[in-house]
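Participant: Handing you a structure now.
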Amino acid sequence: VTIAPCTKADFDQIVSALPDFWGHDRNRSLHHPMFVNELADSAYVIRDGDTVAAYLFGLVATAAPVGYVHLVAVRSAYRHLGLARRLYDHFAAVAASRGCTQLKAITVPDNAGSIRFHTSLGFELEGTPNPDAVSVIADYAGPGLDRVVFRKALGRSGGTTHPVA
Ligand SMILES: CC(C)(COP(=O)(O)OP(=O)(O)OC[C@H]1O[C@@H](n2cnc3c(N)ncnc32)[C@H](O)[C@@H]1OP(=O)(O)O)[C@@H](O)C(=O)NCCC(=O)NCCS
């Protein structure tokens with residue numbers, strides 16, 4: 001498995017295939033071109049031939065400083081192979097090398113797959129339980145827009161908890 005920077009061609013392929021990665025294309029506007037332009041050093045893909053199998057768009061936020069994962073997704077046919085974990089491990093090492101002490105990500109409260117995935121990677125959920133017993137920060141994304149907020153401390157090596165084969 002090789003992790004490579006996301007090129008413009010990769011980005012175009014991803015945006016053209018959102019339903020295969022997400023099951024819908026409602027988050028198209030979250031795929032901002034700044035990730036292959038201004039943030040190209042923290043946007044990665046794993047390819048199978050010419051096919052983008054998985055991607056992670058992150059950024060190193062210097063104010064906190066925190067490694068923030070904006071989007072991570074794996075095509076349906078490539079799930080449960082450890083690809084998202086590999087991408088997270090890689091980004092964790094990059095973020096740690098740039099002075100970050102934490103990783104952070106958010107999702108919507110009904111994305112159970114994302115919550116299970118992040119929990120299995122050792123992330124903790126901030127906030128307080130909602131009526132469905134999912135910990136959320138109320139109004140995080142605006143009035144009525146609660147979000148699950150994941151946070152994980154980074155070790156000096158990047159916090160990798162599983163060996164990368
Ligand atoms: C969430 C997602 C990125 C996981 O990708 P993946 O490559 O299948 O995940 P991995 O194979 O690296 O799994 C890592 C761990 O998470 C767990 N996991 C991943 N997806 C899971 C799911 N849907 N339900 C339960 N556990 C899950 C795995 O069991 C694994 O733990 P383990 O290795 O200790 O057994 C993928 O399902 C996806 O693209 N979903 C749609 C997009 C999305 O919701 N992205 C997250 C938005 S914040």
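The values are calculated or read from the model by the stated rules, or taken from the named source; none is laboratory data. Just so it is clear, the structure is predicted and the values come from calculations on it, not from any experiment. Don't worry about glycine lacking a Cβ; one is built from the backbone with ideal geometry, like all the others, and counts go over all protein chains shown.
Participant: Among residues belonging to segment 67-89 that are within 22 Å of Asn37 (Cα to Cα) and surrounded by fewer than 20 Cβ atoms within 10 Å (Cβ to Cβ), point out the one that is farthest from the ligand (Cβ to nearest atom).
Facilitator: So the residue we want is His70.
Participant: Looking only at segment 62-82, how many residues end up being over 15 Å from Asp48 (Cα atoms) and either in contact with a Gly (Cβ under 9 Å, 6 or more places away or on another chain) or touching a residue at least 24 places away in the same chain (Cβ under 8 Å) (or both)?
Facilitator: 10
Participant: Select, from Pro131, Pro109, Pro143, the only residue that is within 24 Å of Val74 (Cα to Cα), away from the ligand (no atom under 11 Å from the Cβ), modelled with pLDDT of 95 or more and part of a loop (DSSP other than H, G, I, E, B). Spell out the reasoning first.
Facilitator: Values: Pro131 fails: within 24 Å of Val74 (Cα to Cα); Pro143 fails: within 24 Å of Val74 (Cα to Cα).
Unique residue meeting the criteria: Pro109.
Participant: Something else: With respect to Thr119, determine if the residue is touching a His at 6+ places or on another chain (Cβ under 8 Å), surrounded by 12 or more Cβ atoms within 10 Å (Cβ to Cβ) and at pLDDT 95 or above. Working first, answer last.
Facilitator: On the way: touching a His at 6+ places or on another chain (Cβ under 8 Å): no; surrounded by 12 or more Cβ atoms within 10 Å (Cβ to Cβ): yes; at pLDDT 95 or above: yes.
Judged against the criteria, Thr119 is not a match.
Participant: Something else now. Of the conditions (1) within 12 Å of the ligand (Cβ to nearest atom); (2) crowded, with 18+ Cβ neighbours inside 10 Å; (3) modelled with pLDDT under 95, Gly159 clears all except one; give me its number.
Facilitator: With (1) within 12 Å of the ligand (Cβ to nearest atom); (2) crowded, with 18+ Cβ neighbours inside 10 Å; (3) modelled with pLDDT under 95 applied to Gly159, the lone miss is (1).
Participant: Right, something else. How many residues, within segment 1-57, are closer than 23 Å to Gly82 by Cβ and either in a strand (DSSP E or B) or of a type in the set (D, E, K, R) (or both)?
Facilitator: Result for segment 1-57: 19.
Participant: Using beta carbons and a limit of 7 Å, which pairs, at least six apart or on different chains, have the first residue in segment 16-28 and touching a residue at least 24 places away in the same chain (Cβ under 8 Å) and the second one part of a loop (DSSP other than H, G, I, E, B)?
Facilitator: Filtered contacts from segment 16-28: Asp20/Arg75; Phe21/Arg75.
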